[in-house]
Amino acid sequence: MASQDPETGRLFLHLKAAQAAMRAALADVLDDIGITPPQLVVMRALELTPAISSAELARQCFVSPQAMVVTLTRLEQAGLIERTKGGGRIIETHLTPKGREVLGRAGERISGAVNYIRGIMGTERVDQLTAMLEELADLLLKSQVVKTTRSWDLDE
């Protein structure tokens, strides 16, 4: 049965539309640098957490391990990352000097895009939006954990 409330799902529709617009804008900004938005996310995660395993990287980037393998293979073929044997069976992944340079150029482009948005919306509104989105993401992620681990719901 369809909901009678016209507001149902509106928040999620607007979030999805904003995500799609952001991804298209990022793809446009990054096109001549030679990386995609998902590759940028992976490279940024590698910058913040060097030597991370691909399984943990997939978790941090919200993609499947299979998708991460494809992304890492493409980044490695482009010379942007290198993978080396770590302790045990873990393969560590690091940015190469070329990868750091590309990531720096991408960061400059993204800063320009953020400054453009700040110029239109105003710094205060962008800061508020950023804080609200962070809070929303945290709330939704926590609700998923609670939903999947609440043993007391099984008794109902």
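The values are calculated or read from the model by the stated rules, or taken from the named source; none is laboratory data. Please read all numbers here as calculations on a predicted model, not as lab measurements. Virtual Cβ from ideal backbone geometry, glycine too; neighbours counted across all protein chains shown.
The set of residues in region 7-37 being free of Cβ contacts under 8 Å to residues at least 40 places away in the same chain and either touching a Ser or Thr at 6+ places or on another chain (Cβ under 7 Å) or surrounded by 15 or more Cβ atoms within 10 Å (Cβ to Cβ) (or both) consists of 27, 36, 37.
Per the conditions (1) surrounded by fewer than 11 Cβ atoms within 10 Å (Cβ to Cβ); (2) at pLDDT 90 or above; (3) closer than 24 Å to residue 15 by Cβ; (4) not charged (D, E, K, R), the sole criterion not satisfied by residue 146 is (2). Selection of region 66-117 for residues being of a type in the set (S, T, N, Q), assigned to a strand (DSSP E or B) and surrounded by 14 or more Cβ atoms within 10 Å (Cβ to Cβ) yields only 93.
Report yes if residue 57 is in a helix (DSSP H, G or I), touching a residue at least 40 places away in the same chain (Cβ under 8 Å) and surrounded by 17 or more Cβ atoms within 10 Å (Cβ to Cβ), otherwise no. Considered against the rule, which asks whether it is in a helix (DSSP H, G or I), touching a residue at least 40 places away in the same chain (Cβ under 8 Å) and surrounded by 17 or more Cβ atoms within 10 Å (Cβ to Cβ), residue 57 comes out as no.
Condition first: within 17 Å of the chain's Cα centre (by Cα) and either more than 27 Å from residue 141 (Cβ to Cβ) or not in a helix (DSSP H, G or I) (or both). Can you find one or more residues in region 36-48 that meet it? Among the residues of region 36-48, at least one is within 17 Å of the chain's Cα centre (by Cα) and either more than 27 Å from residue 141 (Cβ to Cβ) or not in a helix (DSSP H, G or I) (or both), which makes the answer yes. Just wondering, is there one or more residues in region 19-28 that are among the basic types (Lys, Arg) and under 28 Å from residue 133 (Cβ atoms)? Yes; the residues of region 19-28 include at least one that is among the basic types (Lys, Arg) and under 28 Å from residue 133 (Cβ atoms). The set of residues in region 80-135 being at pLDDT below 95 and touching a Gly at 6+ places or on another chain (Cβ under 7 Å) consists of 92 alone. In summary, residue 45 fulfils each of the numbered conditions (1) surrounded by fewer than 15 Cβ atoms within 10 Å (Cβ to Cβ); (2) within 23 Å of residue 16 (Cα to Cα) with the single exception of condition (1). Only residues that are acidic (Asp, Glu) and at positive phi were counted in region 23-38, giving 0.
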